[in-house]
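*Asks:* Sharing a structure here in structure tokens format.
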Amino acid sequence: MLWLVPAAVAAGPRQYSVPLTPRPTVVRGFDAPEHRWQAGHRGVDLAATTGAPVLAAGAGLVRFAGEVADRPVVSIQHPDGVITTYEPVTPTVSPGDHVGRGDPIGTVLAGHPECPVAVCLHWGARLGAGRTARYLDPLGLIGAVRVRLKPVQPDS
């Protein structure tokens, strides 16, 4: 299965940026499952420090700021249809707030499961919600994804 960044996002003039400064190290990459119900890693984990400011990756409307499965999460709906998510984050924004790219939306908390370093920010991106959501590699939003094509066997 090939996961692509929508053309509207890819063509945009620097609509998105990394949600931490300085530019963090990716300590766990995006790993989309073949089928949406299978296990995978639907985002990237960025090395962080507790209390570091989390920045909106792009302009948009805060869709959610609260707890999901006992984890504090912020999600932002962007004009191109992409929803970005950030966790674990103590939010400083509320649902309905408008944010610009680079605006602070909260601070990093320790405690992200499966983080291979002391503290991580999990950054996710998707198009749509619920059963129709298509997860995207958020690094594609900032042009940091290499596309590798694999040969396929023709149908016999």
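*Asks:* Can you give me the Rg/Rh ratio for the range 51-133, using Cα atoms for both radii and the Kirkwood formula for Rh? Can you show the working numbers first?
*Replies:* Working: Rg = 12.2 Å, Rh = 12.7 Å.
Computed over Cα atoms, the ratio is 0.95.
*Asks:* Please list, in chain and number order, the residues 5+ apart from GLY106 or on another chain whose amide H is under 5 Å from its amide H, with Hs placed from the backbone.
*Replies:* VAL54, THR92
*Asks:* From a point 7 Å beyond the Cα of GLN77 in the direction of its Cβ, which residues of the range 108-124 have a backbone N at a distance under 19 Å?
*Replies:* Taking a point 7 Å out along Cα→Cβ of GLN77, the residues of the range 108-124 whose backbone N falls under 19 Å are 124.
None of the figures in this text is laboratory data; all of them are computed from the coordinates on show. Since this is a predicted model, take the numbers as computed values, not measurements. No Cβ is skipped: glycine too gets one built from the backbone with ideal geometry, and neighbour counts run over all protein chains shown.
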